[in-house]
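First comes the structure, then the notes that go with it.
The values are calculated or read from the model by the stated rules, or taken from the named source; none is laboratory data. For clarity, every value in this text was computed on a predicted model and none was experimentally measured. Glycine gets a Cβ as well: all are built from the backbone with ideal geometry, and neighbour counts include every protein chain shown.
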Amino acid sequence: MTDMGVRLRKARESRGWSLRRMAVAAHTSFSNLSKIERGLIQASEDLIAAYETHLGVEIMQRRGVLAALVAGAVIPLALPDVVHASYTAALEEDGNGIDYWHGRAEQLSTARMTMGGDAFTQRVATDLFKMPTGIWAVSATMLTLLGNQAPRAAQNGKDARGWYALGVGAADKSQDTATRVITRGRAALCMSQPGDGKSRGNQVVAARLANEALGLSDRPTVARLDSFIALALVAASERNEAEALSLLAQARRLFDQVGTTGVGADHEMPDWRYALSESRVLSLLGNERAVTAQDWAAAALPANMPRYVTQIDVQRGLLMARSGDLRGGVKYAREALNALPVAQHNPTLHLIMDEVEASGAQR
């Protein structure tokens, strides 16, 4: 009998479930499940996810199933779901800080700038699972990183909004003002992206989080800058040009104070990254000043970041589409996106592509 089969059987028996009942719940046959628990057939990720769903995270942890996932007994494709359930429950607990995990969060914030989306999501989820719950400031950072990679719409709260809610909750539990501002600012910036225009609820949440961040502290920080950019994106998506440009002017003044240098981590704002944000707002407005921002970003961008070269080109397509050349803009942006290996794609690129394709409805 394989170790995983033993773990699954013990988890089921701890819950008092019969093999037949588990087979029905997991949408498999009695004989197939019997073979899995006896080690004759390898358990799939979907089956393990079914055990976690029906038996509960606590029993799965107690019987070592999830620890085996982290150790690599099977590919942990269901691990983000486990993390989501664990941290939803853990917001009722207390804990202590560990310096090691602060370092890990910093490493992951930097890795996000170059890693592919799926690989990055699994890496963060694995670290979150290993980390003791209760290290709230670090948890807030990692949960926000997962939100950055999550789909904008999904079931059971495991979309970006659900992850950011967990991140904000963890930040509030930390009772650290800087963490609370940073988490809200990053979440607001990511949620403010209009995409195809069908997720207006996300932008409402983005505006709320941005205003909360601005209200928590008036210190000049990158997180405060994130909040102004988020509000400018919301205004631009609503075609409120005067408001968007006013917010962008405030963001530019703040960038001159707090902008960072180098490649940067997820929570930093080097000049190329700010230029991309400014280009995004101006492109949504069909404002030709976007060209200057795009050229600035292209000149300042480090050589080892092809995803952001593609983002510049997709935003050039967005400007074309919003300026009246819808067909040309879509073609230009689509060719740029298709030239980038799929493993390097992230949600932001696809949201901007959605904005390009939806430009005809916005005019």
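If you take the residues of segment 146-167 that are assigned to a helix (DSSP H, G or I) and at pLDDT below 80, which of them is farthest from Gln193 (Cα to Cα)? Only one residue fits best here, namely Asn156.
Which residues, counting only those in segment 158-188, are in contact (Cβ under 8 Å) with a residue 60 or more places away in the chain and within 25 Å of Ile352 (Cβ to Cβ)? Please lay out each step first, then the result.
Within segment 158-188, the subset in contact (Cβ under 8 Å) with a residue 60 or more places away in the chain is 158, 160, 162-163, 166, 169-170, 173, 182, 186.
Passing the criteria: Lys158, Ala160, Gly162, Trp163, Ile182, Arg186.
Check whether at least one residue in segment 282-299 is at pLDDT 95 or above, outside any helix (DSSP H, G or I) and surrounded by fewer than 19 Cβ atoms within 10 Å (Cβ to Cβ), and report yes or no. Among the residues of segment 282-299, at least one is at pLDDT 95 or above, outside any helix (DSSP H, G or I) and surrounded by fewer than 19 Cβ atoms within 10 Å (Cβ to Cβ), which makes the answer yes. Among the residues of segment 338-349, none is identified as within 11 Å of Gln315 (Cα to Cα) and surrounded by fewer than 20 Cβ atoms within 10 Å (Cβ to Cβ). Here is the figure for segment 330-355: residues that are at pLDDT 90 or above, assigned to a helix (DSSP H, G or I) and farther than 16 Å from Gly195 by Cβ total 6.
Any idea which of Val181, Val205 is in a helix (DSSP H, G or I) and crowded, with 24+ Cβ neighbours inside 10 Å? Give the steps one after another, and end with the answer.
On the way: Val205 fails: crowded, with 24+ Cβ neighbours inside 10 Å.
Of the residues listed, the single one that is in a helix (DSSP H, G or I) and crowded, with 24+ Cβ neighbours inside 10 Å is Val181.
Annotation: of all residues in segment 1-33 being among the hydroxyl-bearing types (Ser, Thr, Tyr), surrounded by 14 or more Cβ atoms within 10 Å (Cβ to Cβ) and more than 34 Å from the chain's Cα centre (by Cα), the one that is modelled with the highest pLDDT is Ser14. The condition of being touching a Pro at 6+ places or on another chain (Cβ under 9 Å) and either under 23 Å from Val204 (Cα atoms) or not assigned by TED's automatic domain parsing to the domain that holds Ala207 (or both) holds for only one of Leu276, Leu284, Leu245, Leu231, that being Leu284.
Among the criteria (1) closer than 15 Å to Arg7 by Cα; (2) modelled with pLDDT of 70 or more, the one Gln61 does not fulfil is (2).
Do the conditions hold for Ile36, that is, is it modelled with pLDDT of 80 or more, of a type in the set (A, V, I, L, M, F, W, C) and outside any helix (DSSP H, G or I)? Considered against the rule, which asks whether it is modelled with pLDDT of 80 or more, of a type in the set (A, V, I, L, M, F, W, C) and outside any helix (DSSP H, G or I), Ile36 comes out as no.
Run down Ala297, Ala303, Ala336, Ala343 and say which single residue is of a type in the set (A, V, I, L, M), out of contact with any strand residue (DSSP E or B) (no Cβ under 8 Å at 6 or more places or on another chain) and closer than 22 Å to Leu248 by Cβ. Going through Ala297, Ala303, Ala336, Ala343 in turn, the sole match is Ala297. With the condition kept exactly as written, say whether any residue in segment 221-244 is more than 22 Å from the chain's Cα centre (by Cα) and at positive phi. Among the residues of segment 221-244, at least one is more than 22 Å from the chain's Cα centre (by Cα) and at positive phi, which makes the answer yes. Only one of the numbered conditions (1) within 12 Å of Glu357 (Cα to Cα); (2) of a type outside the set (A, V, I, L, M); (3) not in a helix (DSSP H, G or I) is violated by Asn304, and that is (1).
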